[in-house]
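Read the structure below first, then the notes.
The values are calculated or read from the model by the stated rules, or taken from the named source; none is laboratory data. Given the structure is predicted, the values throughout are model-derived calculations rather than measurements. Cβ placement follows ideal geometry from the backbone for every residue including glycine, while neighbour counts extend to all protein chains displayed.
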């Protein structure tokens, strides 16, 4: 037998031996170790469970600020009352009523003003029409916040809003700050609030 043939047999025997050792050490290709599925990534750590959302259904809203007790009393009488929604509606009412006053729109004012407020504004419009004075124009509503709130024994709710605005009269501009009090009878189904009083701080 030639020497080259002997070398080939030796190399083949070594290769078979090495392959057998690898097989017995690592195992067959039936799957990855630990019985873990081939496409599953190793676990890095348990992900913390997401806290369950607290069930707040049926809980009373929390009222804060100087008018908190009055707002809570109004909510007790009318569960649909929401201070944020009320304040948003009050801002819209302020803009609408200041515009109506400037334009002398008595029809709009009559729908949203209590009797004594309407009479005072009607007299001011009449005086302006008589003298030809310019009406104030709302340039910008700068700030609005609930200043006070109460519910009387008869179920009438009153909420006072502090408005700070910028008004223009001719070429002049001035800052106005007023307290507007809105009222509503919570014993009725009428959701509308009337302007009950206008004052200056």
Next item on the list: Identify all residues within the range 183-201 that are at pLDDT 95 or above and more than 27 Å from residue 134 (Cα to Cα); write none if there are none.
Entry: 183, 184, 185, 186, 193
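Here's the yes/no breakdown for (1) under 21 Å from residue 191 (Cα atoms); (2) part of a helix (DSSP H, G or I); (3) without any contact (Cβ under 8 Å) to a residue 40 or more places away in the chain:
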{"position": "84", "(1), (2), (3)": "yes, yes, yes"}
{"position": "107", "(1), (2), (3)": "yes, yes, yes"}
{"position": "110", "(1), (2), (3)": "yes, yes, yes"}
{"position": "121", "(1), (2), (3)": "no, yes, yes"}
{"position": "154", "(1), (2), (3)": "yes, no, yes"}
{"position": "161", "(1), (2), (3)": "yes, no, no"}
Checklist line | Scope the range 190-201; condition surrounded by fewer than 14 Cβ atoms within 10 Å (Cβ to Cβ) and either under 27 Å from the mean Cα position of the chain (by Cα) or in a loop (DSSP other than H, G, I, E, B) (or both); matching residues | finding: 190, 191, 192, 200, 201
Margin query: Being touching a strand residue (DSSP E or B) at 6+ places or on another chain (Cβ under 8 Å) and outside any helix (DSSP H, G or I): is that true of residue 97 here?
Written below: no
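Residue-wise test of (1) closer than 16 Å to residue 158 by Cα; (2) at pLDDT 95 or above; (3) surrounded by 16 or more Cβ atoms within 10 Å (Cβ to Cβ).
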residue: 86; (1), (2), (3): yes, yes, yes
residue: 98; (1), (2), (3): no, yes, yes
residue: 107; (1), (2), (3): no, yes, no
residue: 112; (1), (2), (3): yes, yes, yes
residue: 115; (1), (2), (3): yes, yes, no
residue: 129; (1), (2), (3): no, yes, no
residue: 138; (1), (2), (3): no, yes, yes
Note to self: For residue 170, only one of the following conditions fails: (1) touching a strand residue (DSSP E or B) at 6+ places or on another chain (Cβ under 8 Å); (2) modelled with pLDDT under 95. What is its number?
What the structure shows: (1)
Margin query: Being assigned to a strand (DSSP E or B) and either within 14 Å of residue 98 (Cβ to Cβ) or in contact with a helix residue (DSSP H, G or I) (Cβ under 8 Å, 6 or more places away or on another chain) (or both) is the filter here; which residues of the range 176-189 pass it?
Written below: 176, 177, 178, 180, 182
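Taking the condition of being under 25 Å from the mean Cα position of the chain (by Cα) and closer than 23 Å to residue 68 by Cβ, how many residues in the range 152-178 meet it?
Residues of the range 152-178 under 25 Å from the mean Cα position of the chain (by Cα): 157-165.
Add one more test, that the residue is closer than 23 Å to residue 68 by Cβ, and what stays is 157-164.
Here the count works out to 8.
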